[in-house]
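Novice: My questions will all concern the structure given below.
Since every read-out is calculated from the coordinates, none of them should be taken as a lab result. For clarity, every value in this text was computed on a predicted model and none was experimentally measured. Here the Cβ is made from the backbone with ideal geometry for all residues, glycine too, and neighbour counts use every protein chain on show.
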Amino acid sequence: MTELKSYDLPQLEALAEQIKSEIGKREREEEERARRAVEDATAEAERAEAAAKEAAAEAERAARAAEAERLAREAAAQSIRYMHPSNRALTWSGVGPKPDWVNAWLVTGGTLYALEVAAEKLAPRPIPESFKTR
């Protein structure tokens, strides 16, 4: 560092002015860097928040779709309560009048319980998710 005693008053004043100007310039640069860092952090937080909202919306859509599929499977499983043991096309939900084939089954000595068991055993079931290929 230079010895300040060797400078006369006008040189010291000029040097002080240069120092003040350099300090101001560096302070502005530091403020600009800090402002940019805050803007970058804010933008990153906004992107992360948008991604989180999108992920939550996607999860909600998937949950709704899974629930709808589950309800559809339950409705399909519940809709077939009785099934003819030798002809899977003959089914009845148990609602409304008995079909002719049920009456014929009962007349020949069959029981409604046997038709329920047949429906349990023979009714088509959805393929479990774990068996499906992706």
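Novice: Which lysines does Lys20 reach when only Cα atoms under 22 Å apart count, and residues fewer than 8 places away in its own chain are ignored?
Specialist: Here the lysines satisfying the reach criterion relative to Lys20 are Lys5.
Novice: Calculate the spin-label point distance for Glu30 paired with Ala48, positioning each point 7 Å from the Cα along the beta-carbon direction, and give it in nanometres.
Specialist: 2.7
Novice: By the scheme Lys and Arg +1, Asp and Glu -1, what is the net charge of all other residues having a beta-carbon under 15 Å from that of Tyr82?
Specialist: Result for the neighbourhood of Tyr82: +1.
Novice: Here's another thing I want to ask about it. Only helices at least 18 Å long along their axis, Cα-based, and averaging -1.0 or more on Kyte-Doolittle count here, so list those DSSP H runs from the chain.
Specialist: Within the chain the helices that satisfy the rule are 9-79.
Novice: Also, quick follow-up: What's the FRET efficiency of Ala55 with Lys132 using the Cβ-Cβ distance as r and R₀ = 41 Å, to the nearest 0.05?
Specialist: Between Ala55 and Lys132 the formula returns 0.95.
Novice: Among Ala34, Ala50, Ala65, whose mean-square fluctuation peaks in a Gaussian network model of the chain (Cα, cutoff 10 Å)?
Specialist: Greatest mean-square fluctuation among the candidates belongs to Ala34.
Novice: Taking springs between alpha-carbon atoms closer than 10 angstrom, which of Glu27, Glu49, Glu120 fluctuates most in the Gaussian network model of the chain?
Specialist: Residue with maximal mean-square fluctuation among Glu27, Glu49, Glu120: Glu27.
Novice: Shifting gears a bit: Would you mind telling me which residue in Arg81, Arg36, Arg70 has the biggest mean-square fluctuation in a Gaussian network model of the chain, where springs connect alpha carbons within a distance under 10 angstrom?
Specialist: Fluctuation is largest for Arg36.
Novice: So, one more: Assuming a viscosity of 1.306 mPa s and a temperature of 10 °C, what translational diffusion coefficient in µm² per second does Stokes-Einstein assign to the chain, Rh being the Kirkwood radius over Cα pairs?
Specialist: 68
Novice: Hey, another quick one. Spin-label point model (7 Å from Cα, Cβ direction): what's the Ile19 to Ala63 distance in nm?
Specialist: Once both label points are built, they end up 6.5 nm from each other.
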